[in-house]
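The values are calculated or read from the model by the stated rules, or taken from the named source; none is laboratory data. What you are looking at is a predicted structure, and each value in this text was computed from that prediction instead of being measured. Cβ: placed from backbone, ideal geometry, glycine included. Neighbour counts: every protein chain shown.
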């Protein structure tokens with residue numbers, strides 16, 4: 001296992017009716033801006049709960065943050081945060097709203113051109129407006145990490161940034177707030193969390209036994225609970241397990257001290273930026289093909305995955321790896337998510353476009369070994385058609 005330092009300052013308020021506790025987490029006298037997406041928190045009553053909890057604070061709102069938050073929309077909010085002298089931001093929604101809020105929080109105190117934050121992957125950030133979250137869509141783990149993904153429509157670019165100053169100070173995780181999610185969003189969340197774990201797990205052995213077993217437990221929980229959630233949308237225990245897995249999948253713990261891949265995500269981001277396909281659905285398309293193309297370099301961990309997650313212990317190594325990849329694809333399909341580009345009306349033309357975007361964004365060496373060039377990505381995408 002590699003040496004590491006683990007730091008995560010986010011305080012988690014988990015369980016039913018925890019929104020009422022947020023006032024004690026925010027400095028008295030703060031001007032709080034609530035950021036949200038398309039308005040579902042208004043329809044479901046979450047906004048009313050938040051406002052009740054924030055009595056005594058100055059409260060303003062900014063809605064309309066997109067499922068893939070755009071630089072253009074977020075900069076409108078940045079202008080308001082500055083003009084209204086907002087002291088604290090409360091993101092209410094899923095990962096996109098939280099990611100967008102991280103950018104808003106950093107850009108509002110950034111002295112240069114805010115696009116620099118994304119072009120330098122957060123390297124130039126020094127501080128941010130403090131913020132908390134009320135999670136309604138478990139998927140990205142953004143509620144307990146310091147990373148975000150932002151799209152700029154003008155450039156068809158979807159870039160990642162991270163910085164310790166954009167850890168949420170607290171996050172409310174109430175599983176009942178996910179009961180009203182459409183089936184599509186629920187399925188997306190399960191698959192997104194699954195692939196987050198795989199990016200940190202399916203690399204090469206470094207004797208990280210704790211991280212491996214932890215990751216395998218998260219994957220098994222998603223395999224068990226994901227289909228149950230589709231059948232019974234208001235099973236609290238199922239939703240609680242899914243919500244907690246999604247948070248743990250990307251709060252840094254399972255990735256501490258072990259190599260990480262993220263090639264599937266980088267390719268998926270470009271597909272989303274170019275074609276508008278849901279983030280999780282691009283991951284479901286790319287991951288099985290990525291596993292197949294890189295099965296030799298990942299052989300030891302892929303066989304471990306086959307054995308411990310899919311209970312595949314008989315047959316040749318090649319047969320077990322093939323079956324593990326097939327079972328992974330079948331799970332995504334069982335969650336209602338197609339795993340071929342054709343299902344999203346994307347054809348062969350995507351190969352050249354995605355590879356060009358990767359090159360333009362300096363992503364010429366992907367994977368845990370930094371050895372996956374765009375031309376190899378093109379071959380992987382050809383297998384996704």
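The table below lists the values:
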quantity	calculated
Residue ID - surrounded by the fewest Cβ atoms within 10 Å (Cβ to Cβ), chosen from residues in the range 43-57 that are touching a helix residue (DSSP H, G or I) at 6+ places or on another chain (Cβ under 7 Å) and in a helix (DSSP H, G or I)	47
Options 11, 80; residue that is closer than 18 Å to residue 131 by Cα and touching a residue at least 60 places away in the same chain (Cβ under 8 Å)	11
Check on residue 159, closer than 27 Å to residue 59 by Cβ and either touching a residue at least 12 places away in the same chain (Cβ under 8 Å) or touching a helix residue (DSSP H, G or I) at 6+ places or on another chain (Cβ under 8 Å) (or both)	no
Residue selected from the range 302-319 under the condition buried (at least 19 other Cβ atoms within 10 Å of the Cβ) and part of a helix (DSSP H, G or I), by the criterion farthest from the chain's Cα centre (by Cα)	306
Within the range 65-101, tally of residues that are closer than 21 Å to residue 178 by Cβ and either crowded, with 17+ Cβ neighbours inside 10 Å or over 20 Å from the mean Cα position of the chain (by Cα) (or both)	16
Search result, residues across the range 168-201 that are part of a loop (DSSP other than H, G, I, E, B) and surrounded by fewer than 24 Cβ atoms within 10 Å (Cβ to Cβ)	169, 174, 179, 180, 181, 182
Selected residue [touching a helix residue (DSSP H, G or I) at 6+ places or on another chain (Cβ under 6 Å), assigned to a loop (DSSP other than H, G, I, E, B) and closer than 26 Å to residue 341 by Cα] from 267, 277, 286	277
Of the criteria (1) farther than 11 Å from residue 34 by Cα; (2) at pLDDT 95 or above, which one residue 121 fails	(2)
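Here is a yes/no grid of residues against (1) without any contact (Cβ under 8 Å) to a residue 60 or more places away in the chain; (2) surrounded by fewer than 22 Cβ atoms within 10 Å (Cβ to Cβ):
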site: 275; (1), (2): no, yes
site: 285; (1), (2): no, no
site: 323; (1), (2): yes, yes
site: 336; (1), (2): no, yes
site: 342; (1), (2): yes, yes
site: 350; (1), (2): no, yes
